[in-house]
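Have a look at the structure below before the remarks.
Values in this text are rule-based calculations from the coordinates and carry no lab data. Remember, it's a predicted structure, so these values are computed and weren't measured experimentally. Because the Cβ atoms are built from the backbone with ideal geometry, glycine has one as well, and the counts that use them run over all protein chains shown.
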Amino acid sequence: MKRYLITGCAGFIGSNFVYYMLNKYKEIQLVNLDKLTYAGNLENLKGVEGDERHIFVQGDICDRELVSSLFEKYDFDYVINFAAESHVDRSITNPEIFVETNVLGTVNLLQCAKNAWFKDGKWAEGKKYIQVSTDEVYGSLGEEGYFMETTPLCPHSPYSSSKASADMFVMAFHDTYGMPVNITRCSNNYGPYQFPEKLIPLMINNVKNHKQLPVYGDGMNVRDWLYVEDHCKAIDMVAEGGRDGEVYNVGGHNERPNIFIVKTIINQLHDRLKDEGINEGLIKYVADRLGHDRRYGIDPTKIKEELGWYPETTFEVGIVKTIDWYLANEEWMNNVTSGNYQKYYEEMYKNK
Ligand SMILES: Cc1cn([C@H]2C[C@H](O)[C@@H](COP(=O)(O)OP(=O)(O)O[C@H]3O[C@H](CO)[C@@H](O)[C@H](O)[C@H]3O)O2)c(=O)[nH]c1=O
């Protein structure tokens with residue numbers, strides 16, 4: 001039975017990955033580590049509560065003692081590092097925590113994995129460290145072209161600089177010590193359990209509540225949208241079949257300008273809620289994000305050709321599923337924004 005350390009398990013992509021893996025594999029053990037910051041909510045893992053294949057541990061990836069004790073106790077086969085400060089706007093006002101969690105946290109995980117997996121001059125069989133990274137490490141594209149795995153790193157924001165730095169440490173551990181690693185670099189994810197500071201859930205929540213919709217700059221910045229379950233599938237495939245030391249880009253050629261996304265959400269909710277108060281008058285163009293990357297576009301040829309991955313969910317289907325989910329989970333929205341549920345669950349897990 002394979003054992004995984006999943007860091008950032010209570011965040012958006014981490015929690016989706018926990019569901020994906022528990023649904024896919026009968027025999028599996030997941031040790032799920034999360035610091036439970038504002039964006040990590042045990043509310044996201046309510047659906048696996050009581051499932052003995054998953055163990056939750058509250059803690060920080062920077063904590064050497066805790067992480068090494070987990071390696072000793074569980075003898076992990078895989079580490080999948082989702083834990084990160086992920087919001088670009090926050091990194092602009094508060095960069096230090098991004099260095100701490102994203103860079104120092106990653107180095108701590110790498111050191112703990114190396115201490116556990118490298119014994120008597122050789123690496124234990126069947127182990128792998130996966131770093132879940134981002135297309136933002138490549139910088140920004142003009143109107144043409146796509147990010148390839150060979151595109152030089154050129155991050156602009158404090159967030160993407162911290163992720164690029166972490167990626168370089170992962171490769172350094174591979175190149176220097178021979179550590180078995182892969183890096184995945186995805187485009188913008190969307191789907192259930194995404195904290196409502198990110199574009200799609202923020203807009204859904206604001207539209208529903210007739211609040212203004214802040215669109216940065218001219219609204220023509222382009223992001224390449226990926227349904228989160230397709231991303232989870234890619235990570236699993238890379239863990240299973242990725243060639244040692246390789247980077248894999250994950251994206252689905254789903255490029256849309258931000259204003260298109262906002263208008264799609266308005267139209268969908270207008271029709272479904274039959275609410276005339278939901279209209280484009282809610283859009284408010286606001287000051288642009290500092291250093292705002294213009295366009296991201298991923299070339300996923302490598303993962304398609306080597307591992308047979310492809311995105312199953314088109315944007316048209318994914319956005320409807322996503323809106324459905326947020327409409328059906330109003331309580332989740334209230335709980336993650338108020339923090340109530342997190343406190344309740346923290347107490348519950350402490351008493352276990
Ligand atoms: C929150 C917000 C965002 N925006 C714009 C800024 C971006 O061009 C676009 C998407 O913004 P965000 O949802 O913050 O995502 P973005 O900055 O692209 O970064 C995301 O996607 C990255 C992958 O590309 C991840 O590595 C990041 O962790 C994730 O946060 O929408 C607005 O116009 N208004 C808003 O209120």
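Annotations
- Antiparallel beta bridges, as assigned by DSSP with both residues in the chain, represent about 10 percent of the total such bridges.
- Amide H to amide H distances under 5 Å link Val181 with Tyr129, Gly245, where only residues 5 or more positions off or on other chains count and H is placed in the peptide plane.
- In this structure the amide hydrogen of Asn188, modeled in the peptide plane, comes within under 5 Å of the amide hydrogens of Asp224, Leu226, none closer than 5 places in sequence on its chain.
- Label point distance in nm, Asp324-Glu312, each placed 7 Å from Cα along Cα→Cβ: 1.4 nm
- 10 Å Cβ shell holding at most 12 others, DSSP loop, GluC sites (Glu not before Pro): longest site-free stretch of the chain: 145-275
- Those residues of segment 110-151 whose amide nitrogen sits under 14 Å from the label point placed on Arg289, 7 Å along Cα→Cβ: 134-141
- Among Val238, Val286, the order by Cβ neighbours within 10 angstrom, fewest to most, reads Val286, Val238.
- Neighbour-count order for Ser69, Ser157, fewest beta carbons within 10 angstrom listed first: Ser69, Ser157
- In nm, spacing of pseudo-spin labels at Ser69 and Asn209 (7 Å Cα→C-beta vector): 3.9 nm
- Amide H contacts under 5 Å for Val215, placed H, 5+ residues apart: Lys284, Tyr285, Val286
- A DSSP coil position with no more than 10 other Cβ atoms inside 10 Å describes the following trypsin sites (Lys or Arg not before Pro) in segment 15-117: Lys26.
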